[in-house]
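> Okay, here's the structure, questions in a sec.
The values are calculated or read from the model by the stated rules, or taken from the named source; none is laboratory data. Just so we're clear, the structure is a prediction, and the values are computed from it rather than from any experiment. Here the Cβ is made from the backbone with ideal geometry for all residues, glycine too, and neighbour counts use every protein chain on show. Protein only, heavy atoms only, side chains kept; ligands, DNA and RNA dropped before computing areas. Shrake-Rupley method; radii C 1.70, N 1.55, O 1.52, S 1.80 Å.
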Amino acid sequence: MGIIDFRLRPPVAGYLDMIMYANAPRRDRATRMHGFEPAKSAVHKSVDMLLQEMDRAGVTTGVMVGRVSKVFGSVSNEDLLRIQADYPGRFIGIPSIDPVDRRAAEAEIDHAAQNGFRAVGIEPGLSAVPMHIDDRRLYPLYAKLEDMKVPVVVMAGGNAGPDLSYTDPVHIDRVAGDFPELKIVATHGAWPWVHQILHVAYRRPNLFLSPDQYLANMPGMDDFVRAADGYLADRFVYASSYPFTPVDKFAEWFRRLPIREENRHKVMYQNAATLLGI
C-alpha cells in the first residue's frame, strides 16, 4: 500500500529559510518530545536522503504546504512549482495565501487553480495581522473556495497563533457550519483541544482532521486513534509533519497503532487521494 504524507516539508528552496531548518535545535527538541530521533535527511538538509527515507516508509507522495509568515518563514508558490517539476510525482504542492490583502489573496487562488494546484492553504494566526479562523475578513475567501470546489487546508493546532485561542475548535466549527460544501482539513488536528475537535468533526461532515506530529505520543492520542478507526475513518488524514518527525520512523510507528487494515488504507492513502483528486 502506498502512502500519501499530507504534511511534508523537504529541505530545499524556501523551506530552508523556515524556522524548522534555520533553527535545528528547536526542531530536534520537538522531535525528541514526540519520541523520535531527528531524521538524517533533516540534519544534513538532503533531499536525496529524504527520498530514500520516503521509499523505506512506502511514502509515494509528500504533500508540501506553502507558508506566508513573518514568524516562521515563507515558501512561495513558485518554489512549490519548481520542486514539483524537479521531483515529478514525489511531491504535490498546496500553495498558501496571505489573507491580509483580500483582493491579492483572491488573485492568488485563481493563479493557483490555473497552475493545477488542487487545494489552498491558509494560516490566519501566522499572518502579519493574526486572525482567528472564523475572522469575517476571511469569509469571502472561504466562499470563493467553496464555489470553486477547492479544499482549504487550515493550520488549526499547535503554534497556530499568538495564544491558545487561535487553536480553539469553536472557530473552525463556525466556518465548517457556515460553508457546508467547503472541504476543510485541520492540520495539527486543533491539538490540544482533542475532545472538542473530535466533536466538531462528528457534527461537521466537511471537516477532515490531520493531527500529524501532535498524534505521536501526545495527550489525546488514543482518542484520535479511536476516531480514525471508527466514525472518522473516511476523514482522518495521515501526515508526519516532517521534519518535526522522521518520515520512515513515523510511518513505522503509525502502522503499529490499533487501526484496522481497511481503515489504515483510507487514512494513509485514500482520504488524501480523494481530497486532492489523485
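> In the range 143-179, which residue that is assigned to a helix (DSSP H, G or I) and basic (Lys, Arg) is nearest to TYR202 (Cα to Cα)?
The qualifying residue nearest to TYR202 (Cα to Cα) is ARG174.
> Checking LEU182 against (1) farther than 21 Å from VAL68 by Cα; (2) assigned to a helix (DSSP H, G or I), which test does it fail?
(2)
> If you don't mind, there's one more thing I want to ask. Just one of (1) out of contact with any Pro (no Cβ under 6 Å at 6 or more places or on another chain); (2) on the phi < 0 side of the Ramachandran plot trips up GLY73, so point out which.
(2)
> Where residues in the range 14-51 are free of Cβ contacts under 8 Å to residues at least 40 places away in the same chain and small (Gly, Ala, Ser), which of them is surrounded by the fewest Cβ atoms within 10 Å (Cβ to Cβ)?
ALA24
> Considering only the range 48-66, I want to know if a residue exists there that is β-branched (Val, Ile, Thr) and outside any strand (DSSP E or B). If you could, list the steps in order and put the result at the bottom.
The first filter runs over the range 48-66 and keeps only residues β-branched (Val, Ile, Thr), leaving 59-61, 63, 65.
In the following step, the residues that additionally are outside any strand (DSSP E or B) were identified as none.
So far as the range 48-66 goes, no, none of its residues is β-branched (Val, Ile, Thr) and outside any strand (DSSP E or B).
> Here is a follow-up. Being within 18 Å of LYS249 (Cβ to Cβ) and buried (at least 22 other Cβ atoms within 10 Å of the Cβ) is the filter here, so list the residues in the range 58-92 that pass it.
Kept after step one, since they are within 18 Å of LYS249 (Cβ to Cβ), are these residues of the range 58-92: 58-60, 62.
Within the range 58-92, VAL59, GLY62 meet the criteria.
> Which ones in the range 239-273 are touching a residue at least 40 places away in the same chain (Cβ under 8 Å), touching a strand residue (DSSP E or B) at 6+ places or on another chain (Cβ under 7 Å) and under 12 Å from PRO211 (Cβ atoms)?
ALA239, SER240
> Still on this structure, I have one more. Are there any pairs, at least 6 apart or on different chains, whose C-beta atoms fall under 6 Å, with the first in the range 178-205 and modelled with pLDDT of 95 or more and the second part of a helix (DSSP H, G or I) and open to solvent by 10 Å² or more (accessible area, probe 1.4 Å), and if so, which?
Once the first residue is modelled with pLDDT of 95 or more and sits in the range 178-205, its partners that are part of a helix (DSSP H, G or I) and open to solvent by 10 Å² or more (accessible area, probe 1.4 Å) give PHE179/GLU146; GLU181/GLU146; LEU182/GLU146; HIS188/TYR214; GLY189/TYR214; TRP191/TYR214; VAL194/ASP223; VAL200/ASP173.
> Any residue that is surrounded by 22 or more Cβ atoms within 10 Å (Cβ to Cβ) and not in a loop (DSSP other than H, G, I, E, B) - is there at least one of those in the range 256-263?
No, because not a single residue in the range 256-263 is surrounded by 22 or more Cβ atoms within 10 Å (Cβ to Cβ) and not in a loop (DSSP other than H, G, I, E, B).
> Still on this structure, please answer the following. What number of residues within the range 161-184 are open to solvent by 30 Å² or more (accessible area, probe 1.4 Å), under 19 Å from the mean Cα position of the chain (by Cα) and hydroxyl-bearing (Ser, Thr, Tyr)?
The number of residues fulfilling the criteria is 1.
> Applying the selection to the range 185-225, what residues are assigned to a loop (DSSP other than H, G, I, E, B) and either open to solvent by 30 Å² or more (accessible area, probe 1.4 Å) or among the aliphatic types (A, V, I, L, M) (or both)?
Filtering the range 185-225 for residues assigned to a loop (DSSP other than H, G, I, E, B) gives 191-193, 204-206, 211, 216-220.
Correct list: TRP191, PRO192, TRP193, ARG204, PRO205, ALA216, ASN217, MET218, PRO219.
> Now a separate question. Within the range 77-112, can you find the residues that are among the aliphatic types (A, V, I, L, M) and either under 21 Å from THR187 (Cα atoms) or free of Cβ contacts under 8 Å to residues at least 12 places away in the same chain (or both)? Explain how you work it out, then say what you get.
So the first thing to find is which residues in the range 77-112 are among the aliphatic types (A, V, I, L, M), and the list is 80-81, 83, 85, 92, 94, 97, 100, 104-105, 107, 109, 112.
Result: LEU80, ALA85, ILE92, ILE94, ILE97, VAL100, ALA104, ALA105, ALA107, ILE109, ALA112.
> Checking the structure you have, find out if any residue of the range 112-119 is open to solvent by less than 60 Å² (accessible area, probe 1.4 Å), closer than 23 Å to ALA216 by Cα, under 20 Å from the mean Cα position of the chain (by Cα) and modelled with pLDDT of 95 or more.
no
> I'd like the residue in the range 93-107 that is part of a loop (DSSP other than H, G, I, E, B) and charged (D, E, K, R) and, out of all such residues, is least open to solvent (accessible area, probe 1.4 Å). Walk me through it before giving the result.
Here is the first cut: in the range 93-107, the residues part of a loop (DSSP other than H, G, I, E, B) are 95, 97-101.
When the remaining residues are screened for being charged (D, E, K, R), the result is 98, 101.
Values: ASP98: 61, ASP101: 82 Å².
Looking at residues that are part of a loop (DSSP other than H, G, I, E, B) and charged (D, E, K, R), I get ASP98.
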